[in-house]
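Asks: Before anything else, here's the structure in question.
The values are calculated or read from the model by the stated rules, or taken from the named source; none is laboratory data. Just so it is clear, the model here is predicted, and its values are computed rather than measured. Neighbour counts run over all protein chains shown; Cβ positions are idealised from the backbone, glycine included.
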Amino acid sequence: MSSLSQRHLLGIKNITAKDIELIFETADTFKEVINRPIKKVPSLRDVTIANIFFENSTRTRLSFELAEKRLSADVVNFSASNSSVKKGETLLDTVHNILAMKVDMVVMRHASVGAPHFLSRHIKANIVNAGDGTHEHPTQALLDTFSIREKLGDVQGKKVAIIGDILHSRVALSNIFALQKLGAKVMVCGPPTLLPKFIASLGVQVELDVKKALEWCDVANVLRIQLERQQIKYFPSLREYALYYGITKKMLDNLKKQIVIMHPGPINRGVELSSDAADSAHSIILDQVENGVAVRMAVLYLLAGATA
């Protein structure tokens, strides 16, 4: 069996285009598995995976847990809000205690940038980064790019606009890395206050007008306004943001071509996307959710070094 070039999935920046293609090919197989009457395979039987979430999560956590169970892994769920972390226990002590229970793999989300990287230097288990601060969210980028490949046939040469709160988004950075590794052209669009100063140095186009971005792109990946990560006000109000950067079905219908609409969720309906745009024929948002399980199954399977 082919294997990934890395022992961990810490970020898209760390892996190769060949790794991404291998994950996609493996995910193709697992997508067939999850659409058949018996949805489980014994690939990771006797492998124990700990989901350690220091930040709230619904979709990512459920998607990982479902992927693990579809692979027949033993699953341990850990939530920081109900743990000894509240009593002052350190990250390293927490994980050492979990590993003492003979855990083989750790899926971790943490508010601090670099937390999974820190962990990977101190423990032997495979680490999957489920989001670290405003840094990276590699499996989200993989499922997004996989969904583009599925919808359009290929990622190479496609024009993808990432629209919204780029500054606070870990999804944006991982998507930029993944898309560029596979030969796509990337544009970012949003208010100047929500675009990082370094963003142009990543080789992406920068656009401030959402209508121009929609006219340019084949795919628009629309991001949520992350109010929970904003310490100051970056725009006057959500109503004003929606007025200048919100995408409606009317805007999509007025384009001279059909484009694909994506969103990593959760959607702030009426802010970055109107309901009729989110639920339109342009949208592949629910396909992203389904593909998330298959892609995460592929990542876990390949990292575990399982044999077919």
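Asks: Please list, ordered by residue number, the helices (runs of 4 or more DSSP H) wholly in region 53-170 having 2 or more residues that are modelled with pLDDT of 95 or more and within 21 Å of Leu302 (Cβ to Cβ).
Replies: Those helices (runs of 4 or more DSSP H) span 59-70, 138-152.
Asks: Another question, then. Mind listing just one residue for me: the one in region 185-224 that is free of Cβ contacts under 8 Å to residues at least 24 places away in the same chain and among the hydrophobic types (A, V, I, L, M, F, W, C) and, of those, nearest to Met251 (Cα to Cα)?
Replies: Leu208
Asks: Residues in region 4-48 that are among the hydrophobic types (A, V, I, L, M, F, W, C), farther than 30 Å from Leu119 by Cα and in a loop (DSSP other than H, G, I, E, B): how many?
Replies: Taking region 4-48 and keeping what is among the hydrophobic types (A, V, I, L, M, F, W, C), we get 4, 9-10, 12, 15, 17, 20, 22-24, 27, 30, 33-34, 38, 41, 44, 47.
Next, only the ones that are farther than 30 Å from Leu119 by Cα stay: 33-34, 38.
Checking which are in a loop (DSSP other than H, G, I, E, B) leaves us with 38.
Residues in region 4-48 being among the hydrophobic types (A, V, I, L, M, F, W, C), farther than 30 Å from Leu119 by Cα and in a loop (DSSP other than H, G, I, E, B): 1 in total.
Asks: Restricted to region 277-308, and to residues that are touching a residue at least 12 places away in the same chain (Cβ under 8 Å) and surrounded by fewer than 15 Cβ atoms within 10 Å (Cβ to Cβ), which residue is nearest to Thr139 (Cα to Cα)?
Replies: Narrowing region 277-308 to residues touching a residue at least 12 places away in the same chain (Cβ under 8 Å): 277-278, 280, 282-285, 287-308.
With surrounded by fewer than 15 Cβ atoms within 10 Å (Cβ to Cβ) added as a condition, the list becomes 305, 307-308.
Working: Gly305: 18, Thr307: 22, Ala308: 22 Å.
Top of the filtered list is Gly305.
Asks: For region 235-252, which positions are outside any loop (DSSP other than H, G, I, E, B) and either closer than 14 Å to Arg224 by Cβ or modelled with pLDDT of 95 or more (or both)?
Replies: If the condition is that a residue be outside any loop (DSSP other than H, G, I, E, B) and either closer than 14 Å to Arg224 by Cβ or modelled with pLDDT of 95 or more (or both), then Leu238, Tyr241, Ala242, Tyr245, Ile247, Lys249, Lys250, Met251, Leu252 are the ones that fit.
Asks: Then there is this: Conditions first: (1) crowded, with 19+ Cβ neighbours inside 10 Å; (2) over 16 Å from the mean Cα position of the chain (by Cα). Val33 passes all but one, so which condition is the exception?
Replies: Only one criterion is unmet by Val33, namely (1).
Asks: Just to be sure before I move on: is Ile232 of a type in the set (A, V, I, L, M), outside the structural domain of Asp19 (by TED's automatic domain parsing) and at pLDDT 95 or above in the structure I sent?
Replies: No: the conditions fail for Ile232.
Asks: Report whether or not Val222 is surrounded by fewer than 23 Cβ atoms within 10 Å (Cβ to Cβ), outside the structural domain of Arg109 (by TED's automatic domain parsing), modelled with pLDDT of 95 or more and not acidic (Asp, Glu).
Replies: no
Asks: Quickly run through region 166-183 and pick out the residues that are over 21 Å from Gly114 (Cβ atoms) and either polar (S, T, N, Q) or crowded, with 22+ Cβ neighbours inside 10 Å (or both).
Replies: Passing the criteria: Leu179, Gln180.
Asks: Take the residues of region 258-273 that are aliphatic (A, V, I, L, M) and part of a strand (DSSP E or B): which is surrounded by the fewest Cβ atoms within 10 Å (Cβ to Cβ)?
Replies: Val260
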